[in-house]
Each structure stands twice: as C-alpha cells, then as structure tokens.
Amino acid sequence: MKKSSLMIALLIIFSLGIFGCSDDSSKIKIGVIAELTGDVPAVGASCKNAAEMAVQEINDAGGIQLGDKKYPVKLMIEDNAGKADQSAAAAQKLITQQKVTAIVGPNASRYALPAAEIAESSKTVLITPWSTAPKATLDSKTNAPKKYVFRACFIDPFQGGVLAKFALNDLKLKKAAVLYDVASEYNKGIAEIFKDVYEKNGGQIVAFETYTTNDKDFSSQLTKIKQAAPDVIFLPNYYSEVPLQIQQAKRLGITVPFIGSDSWGSEELVKLCGKDCNDYYFSTHYAADSASDTTKKFIANYKAKYGTTPDDVAALTYDSFGLLWQSFKTAGKNDRQGIRDALAKIPQYEGVTGNMQFQEGSGDPIKSAVILKIKDGKFTWFANAKP
Amino acid sequence: MAYIFQQILNALQLGSIYALIALGYTMVYGILTMINFAHGDLFMVGAFFCFLLAAYLHLSFVPTLLLSMIGVAFLGVIIERLAYKPLRRAPRVSAIITALGVGLFLENFTLALSPYPKHIPQLLENVTWTVGSISISSLQVLIIVLSLILMLILDFIVQRTKAGMAMRAISWDKTIVPLMGVPVNKIISLTFAIGTGLGGAAGVMYGLAYPVIDPYMGIMVGWKAFICAVVGGIGNIRGAMIGGFILGTVEIMVGAFFPSTYRDFVAFTLLLILLIVRPYGILGKPQPQKV
C-alpha cells in the first residue's frame, strides 16, 4: 500500500517534470491576438499572415538559437472578434493556459488597450504592431510607462503632428475640418492632437465633428462641414468607414481634398472606395514602393506567399516578431522577464518599416513616418517625416 | 436657409429608410403581438442579396431590388414557419428570445461566409444637381420617392384589399376571426412576407446610399427602426412611417445645430420625453388589459 502510493507520487512528480520540460523548453510559444472577424478583418488577416510567415522563416532556419541549442517556435493565434472584452479574454487565455512567452497584437488601439492591461499585470511581454494610441503603453492609473507592453509603430502625437504640419506646410491649406469617431480611442486621440498642432502652427479648425462607431450616415455632419468651407478635411478613421465618408461628401458637393492617418493603409480602402479616394494623402509606417533591401525581400516573400502587397499591419507584425527574435538572442533564454529586459533596450533594429530603437522607460520605439499619396488606386511614396 | 433645406433633404433620406424598416416591426406586432427582433438582420440580408445580385450576376437596379425583396420575403416566411409558428401559444418571452436567436444566427451565418465588409457596385449613374448652394443627388431623390411609393402601396393593400382587411381583423381579435373563415396562417405568412420584403427593399436602398455593408449593419439600424415603430405607436402602420421620419429628422437636426457628439443623446432624450407624454406612441391607442 505504502509502496504503491509512493510509486504513484514519484510517477506524478516524474511525469510533471517531463511535461513541464516538454512544455517549457522544447518549443518557444508565441501568442498572437488578431482581429480576424469583426469590423476590421483585413487588419487581422494581415497580422495573421505576417505572423505565420515570420514563424515559418525562423523554423525553416531551425528555430531560435538559445545557448548551443535551437528551439522551434510554436505560434498560437487567437481571434478577438473585433471586441474589447474578447481581446482581454484572449490575452488571459494565452498567458495562463497556453503559457506563451510573449504576445503579438492586438492591432487596433481599442483592442490593444484591454489586452495590454492583462499582459502588464501578468508580467508578460506584449508587442502591439499597429496600436498608435499613447495610452496603450502607459499605466492606466499612474500614467507611467508600462513595463511589459511595447509597440512596433510610432504614436499618435507624432503622427497627428506630422499630418498637421504636412497640411499647413506642404499642401499650404490653412483651414481644416475634422470628422472622427468619438467612440474609438485611436480616432479621438489623433483628431485632438491634429487640432492642437494645427492651431498652434497658425492653422484654423473650422469644424470639429464626430460620429460613433457603426454610423453609416454622415450627411448631417458633412453638411455642417460644407457650410464651414474648409480647405482640407481630415478623416482619422478606419478604412471601412473612410470610403463612405468621402463618397457622401462628394454627393453633397464637397470638392476639397481629404487627408488621413495610418488607419487608411489597407488595400481594402481602394477596393471599397474605387476612384473616389484618388489623389488624397495619408501618413503611415512604410512605403512599399521606396524600400530598403530588407523591406524589398520581405515584400517579395510576402507576395510570393499570399499574392498581395503587404500592408502596414503586415510589415509591423513582421517587425514585432523580428524584435522578439532579437530579444531572445540577447536574453539567451526562454523566459518572460529576460525577454522583457532585452526588448526594453534594443539599441538598434533594422526592420522592414525602418530603423527603430528602444530606450529603457518607454515601450514606444523611436522611428520615422512616411506620407503616401493614393495615385490611380495605388499607394505611392510622397514624403518622409523624421521623429 | 439653404443649409436648413439641405439638412431637411438628408433627414428625408434617412427617415424614409427608417420608416421602411419600422413597418416590418409594426406589421408583425400588429398581427402577432410579437416583436420580431430578427428584422434588423433580415434588413442586413437584403443588403447582402443586393450585393450578390449586383456584383456577381451584374443585374441592373430594378431586378436587383425585386429579387432582393422576394428573397428576403421568402426568408421571412420560412423563419416564421420554422421558428415562430411552433411558439405561437408559448409565453411571449419565448418568442422574443427565439427572435433574438434567429437574428444572431443570421449575423453569424453571414459572418462565417465572409467577415470582410463588402462594397456594393454602383447600380445607377449618380447625378448631383446643384441649386444655389444645395446639392441634390439622384440617389437621394430615388430613395425618398421609392420609399413613399412602397408605403403608399402598402397602405393601399392594408386599407383597400380583402387580404388587408383580414390582417386588420386578425390584429383586432385573434380568437373570433378564424371562426369567420379567415385563413389565419396564410394571412400571417403574407404579413411576414410583406413586412420583411419591405425590410429587404430598405436593405437595398441603404446599400446604395451607404455602399459599404457588413454583417453587423442591421443591429443598430434595427434598434433605431424599432424605436421608430414604438414612437409612432407599435402595431400602427401609419404610425411607423411617421415615427421613421421623426427619428430621421431629429437625428439630422440635432447633428446640424448641436455639437455632433450629443446627437444620439439629445435625439433619444427627445424621444423619451415624447413617450412620457404619449406612452402609446403618436398614433397608438391605449389597450387596457382585461382581467
């Protein structure tokens, strides 16, 4: 009796040891939270594609080198269904059940914020590829930088400022109107910063109009904007809404140019917009047509694999994984805290969206932006904006 | 002045779409005293039918509209037969929960087919006329005129035909009417067909006016149309039309003269006040419960 229970106890300890080992050390688990369904599925699809490509590349090379052994990477993808609560739930599941070392995603700020809270409290690295809202990497209570949340993109104060100065100095348009989604973190943040910088630099905001997510009729606001007679209209909204806004504006007889932010940068925009979006400008993370060698190689591989040009989400997701691989190399071990410490002070990383650099005390990289022009349904490089 | 006129046009366009959808809620309620919460999603299915017919079969506007209406009407009748009819004698809550379930099914079924927002191709050449500083688009005129025509036809059917008389009779008294030889099941199917068919027409027009459609588009619009039906007096067909135009006008005008952030807040506060003054809606009649 005694002997057998001892045997069982030993067996349990032994098997725990084995499973523990096989779970923790034979494979490195990375989680992805993407918007595969919901209101911005194109974003989720790009993120998933780029993630799978990045992982396949590293696994084809034998995995991540830690010490004298190579460890293959296992990717775990969760759909957040375009919902804030499901983003938090997905983060929770990846961290506690799947025991991933790090998480990439979600992309849109309104989903990245709740997931980032979970990651921070569970001391697990989360890199959001595309969330530009400053709050994503800041502690919700103290406003101090979060310790475990990073991003691969620039932040809205920078982007909003770049766009305001672009409208004033390059386009020479002194009166602007803004129409934005007041219920969405990203849209609201960037609209306010645009207004601030534009007015400080001598511009005039003649109309500052809002709507809420899922609205389809903007006729009331656009009629008001038309009445205010702006020189340019700023639409910091998602690619699925911008075509409706531009088409309705044109139907109301508005002829001034539109400018937008990185949320425009999906091939879907052109598909939904047709000819109506030609000759407008938006700021984004990289230009597919004027690229360095690293970027060209990435674009070619992505095109060969998926048949489309990678958009900014794909490029930033790929860079998020690149940052992770570099952190693993520096850390030399598969350990959440170690990865965090290595990532926090990456001195220089040459990604497909340009050079970036992290400094201890901030999860936001130092990097530059580009302004693209939509020409005959193609995104073409127009200008660069340094940090 | 031109500004106000332009906003009135915007309000008429939005209001006529709300009115068309509200009709579906009110007709079903009038006959079955049941709220068909799947109606907003049937409206969404109408927009998707329009997309399929226009993008893949390259049909022109009139066949697209008619086929979408027929398709949605057919779907409405099937849903009634499969989901609601077995529950006709069950407590009202069961029917409402079933309706919500059907709505969720339609949303997620469409979502499962493809999660991407769809772009409906332009079916009609759009012309914008400019009078002074007012812009009138041909689409706007089409939506307003077509909705009015559909509502007039419906009014004619309900008020002047035998089937319409049967509908009114059933909504008046459900127990006696079958004894008079009125085929209740057929009339209920017809009501569902007409109500959801109008929802389908609204889906097509909505798809033309706001050509980016997605599986969730019916939720918010459906709620708003339901509110229109309640404001007009649920169960009353003319009330639903009036309710639609009231909500459209209030939404647009609040956006026009207040900061647009307050739009929904002010609009729905006004509607709540209206309901406090007239709890049965504008054209509704109080129906005392008999013990």
Hey, what angle do you get for helix B:39-55 against the long axis of chain B, alpha-carbon based, 0 to 90 degrees rounded to 10?
-> 50 degrees
How would you classify the protein assembly as shown from its alpha-carbon gyration tensor, with a ≥ b ≥ c the square roots of the eigenvalues: rounded for a/c under 1.5, else prolate if a/b is greater than b/c, otherwise oblate?
-> oblate
On a 0 to 90 degree scale, rounded to 10, what angle separates helix A:185-200 from the longest Cα axis of chain A?
-> 50 degrees
Mean residue ellipticity (222 nm) of chain B, computed from DSSP H runs ≥ 4 via -39,500 (n - 2.57), nearest 500 = -24000 deg cm²/dmol
What's the center-to-center distance, using Cα atoms, between region A:235-249 and region B:90-139 in Å?
-> 17 Å
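What's the local net charge at B:Q159, with K and R +1, D and E -1, over the other residues with C-beta under 15 Å away?
+3
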Which aspartates and glutamates have a Cα lying under 20 Å from the Cα of B:K285, excluding residues fewer than 8 positions away in the same chain?
-> B:D155, B:D173
Enumerate the calculated ³J(HN,Hα) couplings along region A:86-103 in order (Karplus 6.51 cos²θ - 1.76 cosθ + 1.60, θ = phi - 60°), each rounded to whole Hz, writing x wherever the residue is Gly or Pro.
-> 6, 5, 5, 4, 5, 4, 4, 5, 4, 6, 8, 8, 7, 6, 6, 7, 8, 10
How many angstrom lie between the C-alpha centres of region A:343-363 and region B:150-198?
-> 69 Å
Quick calc, region B:2-277, dipole around Cα centre from Cβ unit charges on Lys, Arg (+) and Asp, Glu (-), nearest 20 debye, gives 860 debye
Short to long, in 10 Å steps from zero, the percent of alpha-carbon pairs of chain B per bin is 7, 28, 35, 22, 7, 1, 0
The protein assembly as shown - share of DSSP beta bridges that are antiparallel (%, nearest 5) | 45 percent
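Given chain A, what percent of its DSSP beta bridges are antiparallel, to the nearest 5?
DSSP beta bridges in chain A are roughly 35 percent antiparallel.
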So how tilted is helix A:156-165 from the main axis of chain A? Cα-based, degrees 0 to 90, rounded to 10.
-> 20 degrees
Which of the lysines could be linked to A:K172 by a straight reach, that is with a Cα gap under 17 Å, when you skip same-chain ones fewer than 8 residues away?
-> A:K195, A:K200, A:K373
Sort A:D293, A:D341 so the one with the fewest other Cβ atoms within 10 Å of its own Cβ comes first.
-> A:D293, A:D341
Rounded to whole Hz and in sequence order, give me ³J(HN,Hα) for region A:243-255 from the Karplus expression 6.51 cos²θ - 1.76 cosθ + 1.60, θ = phi - 60°, writing x for Gly and Pro.
-> x, 4, 5, 5, 5, 5, 4, 5, 5, 8, x, 8, 10
The ratio Rg/Rh over the Cα atoms of chain A, Rh being the Kirkwood inverse mean 1/r radius, stands at 1.04
List, in the order given, every pair from A:K69/A:K386; A:K146/A:K333; A:K74/A:K147; A:K69/A:K367; A:K123/A:K216; A:K69/A:K99 whose Cα-Cα distance in the structure shown is over 31 Å.
-> A:K69/A:K386; A:K69/A:K367; A:K123/A:K216
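Output the peptides B:36-46, A:229-239, A:163-173 sorted from most to least packed, where packing is the average of other Cβ atoms within 10 Å over each peptide's residues.
On the way: B:36-46: 29.1, A:229-239: 23.5, A:163-173: 17.8.
Output ranking for B:36-46, A:229-239, A:163-173: B:36-46, A:229-239, A:163-173.
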Take chain B, connect every pair of alpha-carbon atoms lying under 10 Å apart with a spring to form a Gaussian network, then pick out the residue of B:T110, B:T128, B:T33 with the largest mean-square fluctuation.
-> B:T128
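Taking every residue in A:218-229, how many Cβ atoms of other protein chains lie within 10 Å of its Cβ, on average? Mind showing how you got there, number by number?
Numbers: counts 4, 14, 14, 6, 3, 12, 8, 1, 4, 6, 0, 0.
Partner Cβ neighbours, averaged per residue: 6.
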Quick one: grab the alpha carbon gyration tensor of region A:157-284, order the square roots of its eigenvalues as a ≥ b ≥ c, and give me rounded if a/c is under 1.5, else prolate or oblate depending on whether a/b is larger than b/c.
-> rounded
Inter-chain Cβ neighbour average for residues B:256-266, partner chain, 10 Å | 4
So, by mean Cβ neighbours within 10 angstrom, what's the order for B:244-256, A:135-147 with the highest one leading?
-> B:244-256, A:135-147
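In deg cm²/dmol, rounded to 500, what helix-only [θ] at 222 nm does chain A give when every DSSP H run of at least 4 residues adds -39500 (n - 2.57) and the total is split over its residues?
Mean residue ellipticity at 222 nm (helix-derived): -13500 deg cm²/dmol.
Coordinate-derived values only; no laboratory data. Quick caveat, the model's predicted, so the values are computed rather than measured. Using ideal geometry, Cβ is built from the backbone for each residue, glycine included, and neighbour counts are taken over all protein chains shown.
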